[in-house]
Amino acid sequence: MVFEPFVELALLLVIAAAAGAIAVRLRQPVLIAYIVVGIAVGPAGLQLVHSHDQIDVLAQVGIAVLLFVVGLKLDITKVRDIGAVALATGLGQLAFTILFGFLVILALGKGVVEALYVAIALTFSSTIIIVKLLSDKRELDSLHGRIAVGFLIVQDIAVVLAMMAMSALGDTAGATGWVVALSLLARVAGAAVLIYTLMRWVLPGVVRSMARSGELLLIFAIAWGTGLAALGEWAGFSKEAGAFLAGFSLASTSYREAISARLTGIRDFLLLFFFIDLGAKLDFSTLGAEVVPAIVLSVFVLIGNPLIVMSIMGFMGYRKRTGFLAGLTVAQISEFSIVFIAMGIGLGHVGVAALGLTTLVGLITITMSTYMILNSHSLYRVLAPLLGIFERHVPHRELAAEAPEDTTQRPQLLVLGLGRYGHRLARRLREADLTVLGVDCDPELVRRLNAEGFPARFGDAPDPAFLDTLPLGGLRWVISTLPDVESNRMLLHALLEHGFKGEIAVVARDEAQGAELWRLGVPIILYPFRDAVDFATDNIIAMMRRQGGHHPGNDGSMPPGGAG
């Protein structure tokens, strides 16, 4: 049965929603459910969906948005901190997997060329899947998360180089290795100059102008991410590299948290099609007698790759826990592994049996590593006594990274909404030697306050994804001056979801609004107008009594604005 593309996409969403609901009910990863849906509706299953081109486009946009968000979170200071370990771990894992994987595959009775191809394919880990899992666990900004993203980027660069080498081999013009290398070097240099120029002189003003409208900022972010993704592919890199650079180019702006928060829902929606598309492309007709070799290689990837990462990180001075959590992120192969083998088939270097073997290894390792990453902390507690060999007596590099922070700069209070009341409130609190962080959705106000030395961030306060970017852990108070009840309801729910333990106070415009906020469970309600009137009245009465009934102001005893 063949449907129109819109009907097929609607059917796909319904099936995915049902499968996701079942997975959540069974406490299983939703990601695995989506891959299973792809297998079920694809050529290997019920063959319900034929709009592969449309699904593929949505999947590619989802990948671009995901890598854009990853680049957006990349703090240049953190890159300097983890650059050495990311490079060493990435290159070390690549060398280990290629060498020992090649030997294992030869031992399984495969030919030299096929063994080399499959060994290279086993080195590629799925950046997309790992970043999605770390993001869902809110560990993307953790030490092991930053290191993992670092060496995954090293792997992605290796993927690009491998693909370019494959393209050169298939080039009928017979381009030499020197020509390919010089061409790549020129393109990298050109990309670096372009990105630096845009970051330095163009993007700050453009983003500031776009931020005047939340909807326009969202459209601009998607356009910028997909635009540079397309440019990256055109320049001979990859869509992933272009999207990552697009996000990185905006990482130094004060709007990155707001952009990231707005893209979270769109990212998750579009990545649904990536996982379904991945499942639908798994070709089971080529498996044949590859089950036993696939199981052996899957064990090699699931155990060997994490071990080499832990070894390198332990040698470089990181704790065994950090090495273990980072190591689990390379315990699977990538969708690009299948593409790489397919390119080899197209060049006549390997047969379809290699594709079947790689496909099965991908299915096993992606499934198993997803469970391993989601349960990483429980696994560590069980295996910790056995991991001591992967840790130096003094993990000097991690200890240096944990240098005591300046806790005096950590905010004690968060003021959401910096209008007349919120701004004055925040300033008075700062005058009392309290550390305050302000949040407002007016980009010009935030820019002006930051220029004055007042710490403020641009963003949509009730957005749970934006709250992820705020330092809620050390806060003692959250004070909301947001004008409407619905925004405060969303804020209260988000704070409870984040496990906030401090005090929450909300400004009410009148008694009716205060009563509604009280019913929502707001513990502390501030009434600025009522309090101002009460304060002014008390001041006037006190001054009249001190003056013996004289009219206040005749002798200048009440300064302008003195009543509040």
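The values are calculated or read from the model by the stated rules, or taken from the named source; none is laboratory data. Keep in mind that what you see is a predicted model, and the values were worked out from it rather than measured. For neighbour counting, all protein chains shown are included, and Cβ atoms are generated from backbone atoms with ideal geometry for every residue, glycine included.
Could you grab me the full set of residues in region 492-514 that are buried (at least 17 other Cβ atoms within 10 Å of the Cβ) and over 22 Å from R530 (Cβ atoms)?
Within region 492-514, A494, L495, F500 meet the criteria.
Among the candidates G45, G62, G38, which residue alone is outside any loop (DSSP other than H, G, I, E, B) and either of a type in the set (S, T, Y) or over 17 Å from the mean Cα position of the chain (by Cα) (or both)?
Result of the check over G45, G62, G38: G38.
Collect the residues in region 220-259 that are aromatic (F, W, Y), under 19 Å from the mean Cα position of the chain (by Cα) and surrounded by fewer than 21 Cβ atoms within 10 Å (Cβ to Cβ), keeping them in residue-number order.
Matches in region 220-259: F220 only.
Sort out which residues of region 475-490 are part of a loop (DSSP other than H, G, I, E, B) and out of contact with any Phe, Trp or Tyr (no Cβ under 8 Å at 6 or more places or on another chain), and write them in order of number.
R476, L482, P483, D484
Looking for whichever is assigned by TED's automatic domain parsing to the domain that holds A59, in a helix (DSSP H, G or I), in contact (Cβ under 8 Å) with a residue 24 or more places away in the chain and not aliphatic (A, V, I, L, M) here; the options are F275, F237. Which one fits?
Exactly one of F275, F237 is assigned by TED's automatic domain parsing to the domain that holds A59, in a helix (DSSP H, G or I), in contact (Cβ under 8 Å) with a residue 24 or more places away in the chain and not aliphatic (A, V, I, L, M), namely F275.
Restricted to region 448-482, and to residues that are at pLDDT 85 or above and small (G, A, S), which residue is surrounded by the most Cβ atoms within 10 Å (Cβ to Cβ)?
Here the answer is G459.
Does L182 count as modelled with pLDDT of 65 or more, in contact with a helix residue (DSSP H, G or I) (Cβ under 7 Å, 6 or more places away or on another chain) and either surrounded by fewer than 13 Cβ atoms within 10 Å (Cβ to Cβ) or not in a helix (DSSP H, G or I) (or both)?
In short, no.
Evaluate region 375-385: report whether one residue or more is within 23 Å of the chain's Cα centre (by Cα), in a helix (DSSP H, G or I) and crowded, with 19+ Cβ neighbours inside 10 Å.
yes
Tally time: how many residues in region 504-527 are under 21 Å from L475 (Cβ atoms) and in a loop (DSSP other than H, G, I, E, B)?
Here the count works out to 3.
List the residue pairs whose Cβ atoms are under 9 Å apart, where the first residue sits in region 39-66 and is closer than 25 Å to A229 by Cβ, the second is of a type in the set (S, T, N, Q), and the two are 6 or more positions apart or on different chains.
Q60/T226; V61/T226; A64/T226; V65/T226; L66/T127; L66/S135
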